[in-house]
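Before any comments, here is the structure.
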2 protein chains.
Amino acid sequence: MELHVTVSGRRDLAGQIYRQLRDSIVDGRLAGGTRLPSTRDLARQLGVSRKTTLDVFERLLAEGYLISRRGSGTFVADTLERLPARERGHEIPQIRAATAAAAETTDAVGGASSGAAHGARATPWWQARAQAHAAGDTLPRLDARLACDFAGGVTDKARFPFDIWRRCINDALRVQARGYGMYREPAGEEKLRLAVSRYLAFNRAVQANWEDVIVTQGAQQALDLLARVTLERGDVVAVEDPGYPPARDIFAALGAKVVPVPVDGEGLVIERLPKAARVVYVTPSHQFPLGMPMSLGRRVALLEWAQTHGALVIEDDYDCEYRFEGRSMEPLKSLDNAGLVAYVGTFSKTIFPELRVGYMVPPAALAAPLARARQIGDGHGCVLTQTALANFMLNGHFARHLRRMHQSYSERRDVLLAHLRGPLSPWLEAVTPNTAGLHLAARLVAPLDAAKVAAAARGASIGLHPLAPFHLEAPVQSGFLFGYGAVDAGQIDAALTSLATLLHTL
Amino acid sequence: MELHVTVSGRRDLAGQIYRQLRDSIVDGRLAGGTRLPSTRDLARQLGVSRKTTLDVFERLLAEGYLISRRGSGTFVADTLERLPARERGHEIPQIRAATAAAAETTDAVGGASSGAAHGARATPWWQARAQAHAAGDTLPRLDARLACDFAGGVTDKARFPFDIWRRCINDALRVQARGYGMYREPAGEEKLRLAVSRYLAFNRAVQANWEDVIVTQGAQQALDLLARVTLERGDVVAVEDPGYPPARDIFAALGAKVVPVPVDGEGLVIERLPKAARVVYVTPSHQFPLGMPMSLGRRVALLEWAQTHGALVIEDDYDCEYRFEGRSMEPLKSLDNAGLVAYVGTFSKTIFPELRVGYMVPPAALAAPLARARQIGDGHGCVLTQTALANFMLNGHFARHLRRMHQSYSERRDVLLAHLRGPLSPWLEAVTPNTAGLHLAARLVAPLDAAKVAAAARGASIGLHPLAPFHLEAPVQSGFLFGYGAVDAGQIDAALTSLATLLHTL
């Protein structure tokens, strides 16, 4: 038998030798029953002390990789013979030891025959199941290489007061260093829940005590938790069509049957709701992606429908903070005397999306189950961020930031609308009413293909995002979503001037 | 008609009046068809300008709460008549306006009759379903009022280098302020995944590239994601008995059938595994709660069983970092050539639990579905924490912290074992081998009731945590879990000295 073990440097020699021997055994290159050289011979061969090789053997014996037969030496244990064999594509770790016999085994395992061996093994059931989870829609992502990308779901981080935020985080760090082994409430840090409840009472006419607020990892987790505690496989969830793909995705991922319901100029068409719907997911403040608010009549009709059919309404108030014309219409939740509405909000559009903080105010009966679902799902959110955000809000920085950004986004929106109503009007028409939020939708009124327009625009370094991917069954409204969270007024002006020139050539 | 509207101060008078009128309409205290006073009369009555009341009416008209009939005045719209009525216990918001007629309505709604009305309404289906999610085990929590609480799952935050951590967080803040609108990878920040892969390769013989690592919101979310992408309702998940309640909880919450399998001195008893098990959840490094490692023979047998039965093994390596006797046995994952093991780890035992950072190295085929499940479940984790932790690890602070804490925890463990083997030996016996982790389990060998002993200890300001709640079907091993993450050697010595005295009296 020839045994190659490489030692490099003088650090942790025993560890180096241990790992190489162990890996050879686990890999099957040192087969069960193989007799090892004596610790004395191995030490001489490797140029290390006998104590080192003794240590290695002792550990391998203690762990069961080697067995010792009195008088005849030390052998590789048979135990490992039963280990399931290597998967194809599973790389061999950095190992440089092999006996002559084991070298052949290595070739056999790493070479051509392993493909056949693997092919013969059935693909594990979980692989097939998991693949179903890998599919799904994705929202358009901001492409920073473009001169002007109208992607939605992005805010202007350059104008976020990071100096103040840094102070809030550092204050939160001091609190965290003192908070010795404290239990964290899965529903979120109390101060943040208080700050959110005040904000909702003042800005959104949602009357909630701090205990009614559950802080989540973005609005998306609120949808996830609501679906978990209320839905069973096959339950019908009604969603707006066109609508918000990540909401559809999470309901579908949890086994619900997602049924699209058309929207018109007043929002969701209530009479088209499927009678079996257990949950209705809506965006009444600023319909995603078209942007119109739901009318009061529809709001009342929806609550009435929910009461009659025993449905839970999930109101995603995702883009309510910036209102540019008239006053903000107050949310469904503020009309909900009967406890039918789970209200969901987010800081992704007001601070920045990667903060990953959202919140919900569920019907009272769901509060404890939702907190428990969060506890067993992932425990709780980032304490540091929550504490910092509470201070940021309670000290008035959030309100100031909202006012500043309102001004800034309003300018961008004006530039965008001026182009849509002016030079771009032969091709595009803004969906109205569209008075809030960080994006506008515009319909393509010219007989052009949205995908082709988007491709051409891309060539001119303009990111346009067609409305088609937001549709399920409703006839596709050809057009684009114009997000203006991450592009300033000058960029918008330049890009839309180019776009008009470009559209003339199509 | 008498209409009471209160205005306080001079700020946002229109808003104050708007909200009170709107709330009265939504509440039904101003019934549909009620004629409102003229804006002129209302302005005079409230002592505000006519412009203010005109603004209020205009908004309420625009939103559809009021309707105007030419020549006959302004009326409450009928629309709201259809709003579902108040739920019992739903507090009326702060409103001070009512007509005489509406006042009666308020009484009727808020008074005794509302109970009957509410009682008549069926409890929503979601309430019953959600209740099932509110149940479940909970781990013992640290009670800071006790002189010495042996709760598990807590680390010594007082010894965490918060000064260095603060620098890492502040560096991360600078990165965040620069990272303009960047897409975040749901599997976690790349640098942290790199740091974890290096740590696992060096410390745990787990060969993983950074792409193989998925960062999670604590180990618990890793279990949640694994269960989501692989399990369907009714699937069998085998768990250790006694075992870790939060793992059982998450599998059960997602609809799996949780089947307990006994453990003995070598860990899980493989021949007792149910043949139908699709997933086997184990804690091989340090069985929870008993503390012994799984023997090599059992590890091989488990992998062989998983291969034969097509099961996925989830290895929770939750408490592997601190090893006090011998060397750490390397994890199942390092024996797994066939891609059967999803390896799960956490920083909760090494940094502090509220950091909420864990990770997993799944079989390759599950990586993309798991990342997608995270994306649609909650997007991603706290970027600030992940970036800071990556720096903390890559700059060697984590390794230094582990060495320091090893020393400190080792002292505590020695004191604990000295008491168990000495003065406490007539009553308690440490479960062996028990060579790692932040807790020890000790069996009650005297004929005493563990709950009674715990109650008596509590009277002496000592927190003892019986093993019983960790059992499902296996005969209860009477005894306690002794966590020493949050109690120093002096506290342990004093508490166990008192405990011996106390036990003499029982």
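Regarding segment B:143-158, can at least one residue be identified that is of a type in the set (Gly, Ala, Ser), in a helix (DSSP H, G or I), facing another protein chain (nearest Cβ under 7 Å) and over 22 Å from B:Tyr409 (Cα atoms)? No, because not a single residue in segment B:143-158 is of a type in the set (Gly, Ala, Ser), in a helix (DSSP H, G or I), facing another protein chain (nearest Cβ under 7 Å) and over 22 Å from B:Tyr409 (Cα atoms). Quick one: in segment B:1-29, which of the residues that are within 14 Å of another protein chain (Cβ to nearest Cβ) and in a loop (DSSP other than H, G, I, E, B) is farthest from B:Pro84 (Cα to Cα)? Checked segment B:1-29; the qualifying residue farthest from B:Pro84 (Cα to Cα) is B:Arg11. The combined condition, being surrounded by 17 or more Cβ atoms within 10 Å (Cβ to Cβ) and not in a helix (DSSP H, G or I), is not fulfilled by A:Ala222. Scanning segment B:176-207 for residues that are buried (at least 23 other Cβ atoms within 10 Å of the Cβ) and assigned to a loop (DSSP other than H, G, I, E, B) yields B:Ala187, B:Gly188, B:Glu189, B:Val206.
Condition check for B:Arg178 on (1) modelled with pLDDT under 85; (2) outside the structural domain of B:Leu340 (by TED's automatic domain parsing): one failure, at (2). Cβ-Cβ contacts under 9 Å between residues 6 or more apart (or on different chains), taken from a first residue in segment A:237-260 that is closer than 23 Å to B:Gly255 by Cα and not assigned by TED's automatic domain parsing to the domain that holds A:Leu302 to a second residue that is in a strand (DSSP E or B) and of a type outside the set (A, V, I, L, M), are absent. In this structure, A:Phe251 qualifies as of a type outside the set (Gly, Ala, Ser) and under 20 Å from the mean Cα position of the chain (by Cα).
Could you say which residue among A:Val453, A:Val487 is crowded, with 19+ Cβ neighbours inside 10 Å, within 17 Å of A:Ala151 (Cα to Cα), more than 26 Å from the chain's Cα centre (by Cα) and aliphatic (A, V, I, L, M)? Criteria check complete, one pass: A:Val453. In the set (1) assigned to a helix (DSSP H, G or I); (2) touching a Gly at 6+ places or on another chain (Cβ under 6 Å); (3) not hydroxyl-bearing (Ser, Thr, Tyr), B:Asn434 fails one condition alone, (1). Of all residues in segment A:279-297, those satisfying the criterion of being free of Cβ contacts under 8 Å to residues at least 60 places away in the same chain and surrounded by fewer than 23 Cβ atoms within 10 Å (Cβ to Cβ) are A:Ser295, A:Leu296, A:Gly297. Considering each of B:Glu321, B:Glu315, B:Glu330 in turn, give the residue that is in a strand (DSSP E or B) and either touching a Leu at 6+ places or on another chain (Cβ under 7 Å) or not hydroxyl-bearing (Ser, Thr, Tyr) (or both). On inspection, the qualifying residue turns out to be B:Glu315. Could you check segment A:464-476 and list, in sequence order, the residues that are touching a strand residue (DSSP E or B) at 6+ places or on another chain (Cβ under 7 Å) and within 17 Å of A:Pro140 (Cα to Cα)? Passing the criteria: A:Leu464, A:His465, A:Pro466, A:Leu467, A:His471, A:Leu472. The set of residues from segment A:145-162 being surrounded by fewer than 17 Cβ atoms within 10 Å (Cβ to Cβ) and of a type in the set (D, E, K, R) comprises A:Arg145, A:Arg159.
Residues that are within 21 Å of A:Gly28 (Cβ to Cβ) and either assigned to a loop (DSSP other than H, G, I, E, B) or not basic (Lys, Arg) (or both) within segment B:295-312 comprise B:Ser295, B:Leu296, B:Gly297, B:Val300, B:Ala301, B:Leu302, B:Leu303, B:Glu304, B:Trp305, B:Ala306, B:Gln307, B:Thr308, listed in sequence order.
In segment B:350-381, the qualifying residues are those that are within 15 Å of the chain's Cα centre (by Cα) and assigned to a loop (DSSP other than H, G, I, E, B), and the one that is surrounded by the most Cβ atoms within 10 Å (Cβ to Cβ) is B:Gly381.
Residues of segment B:333-354 that are more than 8 Å from chain A (Cβ to nearest Cβ), touching a strand residue (DSSP E or B) at 6+ places or on another chain (Cβ under 6 Å) and of a type in the set (A, V, I, L, M): B:Val341, B:Ala342, B:Val344. Among the conditions (1) at the interface with chain A (Cβ under 8 Å from one of its Cβ atoms); (2) assigned to a helix (DSSP H, G or I); (3) within 30 Å of A:Ala252 (Cα to Cα); (4) in contact (Cβ under 8 Å) with a residue 12 or more places away in the chain, the only one that B:Thr385 does not satisfy is (3).
Of all residues in segment A:161-181, those being within 7 Å of chain B (Cβ to nearest Cβ) and either among the aliphatic types (A, V, I, L, M) or in contact (Cβ under 8 Å) with a residue 12 or more places away in the chain (or both) number 3. Take the conditions within 8 Å of another protein chain (Cβ to nearest Cβ), of a type in the set (D, E, K, R) and out of contact with any Gly (no Cβ under 7 Å at 6 or more places or on another chain) and apply them to A:Arg184. Does it pass? Judged against the criteria, A:Arg184 is a match. Among the residues of segment A:48-63, the ones that are touching a helix residue (DSSP H, G or I) at 6+ places or on another chain (Cβ under 7 Å) and either of a type in the set (A, V, I, L, M, F, W, C) or not assigned by TED's automatic domain parsing to the domain that holds A:Ile25 (or both) come to 5 in all.
If the condition is being modelled with pLDDT under 95 and farther than 17 Å from A:Arg412 by Cα, then segment A:433-447 contributes A:Pro433, A:Val445, A:Ala446, A:Pro447. Of note, A:Pro242 satisfies the criterion of being more than 23 Å from B:Trp126 (Cα to Cα), buried (at least 20 other Cβ atoms within 10 Å of the Cβ) and not charged (D, E, K, R). Within segment A:46-77, restricting attention to residues that are more than 14 Å from chain B (Cβ to nearest Cβ) and of a type in the set (D, E, K, R), which residue is surrounded by the most Cβ atoms within 10 Å (Cβ to Cβ)? My answer is A:Arg50.
For every residue, the table says whether it meets (1) touching a strand residue (DSSP E or B) at 6+ places or on another chain (Cβ under 6 Å); (2) within 29 Å of A:Ala151 (Cα to Cα); (3) within 14 Å of chain B (Cβ to nearest Cβ).
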position	(1), (2), (3)
A:Pro289	yes, yes, no
A:Gly297	no, no, yes
A:Leu303	no, no, yes
A:His309	no, no, yes
A:Ile314	yes, yes, yes
A:Asp317	yes, yes, no
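Given the criteria farther than 30 Å from A:Arg233 by Cα, of a type in the set (Lys, Arg), modelled with pLDDT of 95 or more and within 26 Å of the chain's Cα centre (by Cα), does B:Arg272 qualify? Considered against the rule, which asks whether it is farther than 30 Å from A:Arg233 by Cα, of a type in the set (Lys, Arg), modelled with pLDDT of 95 or more and within 26 Å of the chain's Cα centre (by Cα), B:Arg272 comes out as no.
A single entry from A:Ala31, A:Ala77 fulfils the requirement of being at pLDDT below 90, under 25 Å from B:Trp305 (Cα atoms) and of a type outside the set (D, E, K, R): A:Ala31. Considered as a group, the residues in segment A:298-322 that are in contact with a helix residue (DSSP H, G or I) (Cβ under 8 Å, 6 or more places away or on another chain) and surrounded by fewer than 20 Cβ atoms within 10 Å (Cβ to Cβ) include one that is farthest from A:Leu402 (Cα to Cα), and that residue is A:Gly310.
The values are calculated or read from the model by the stated rules, or taken from the named source; none is laboratory data. Only a predicted model underlies this, so the values are computations on that prediction, with no experimental measurement involved. With ideal geometry, Cβ positions are generated from the backbone for all residues, glycine too; neighbour counts draw on all protein chains shown.
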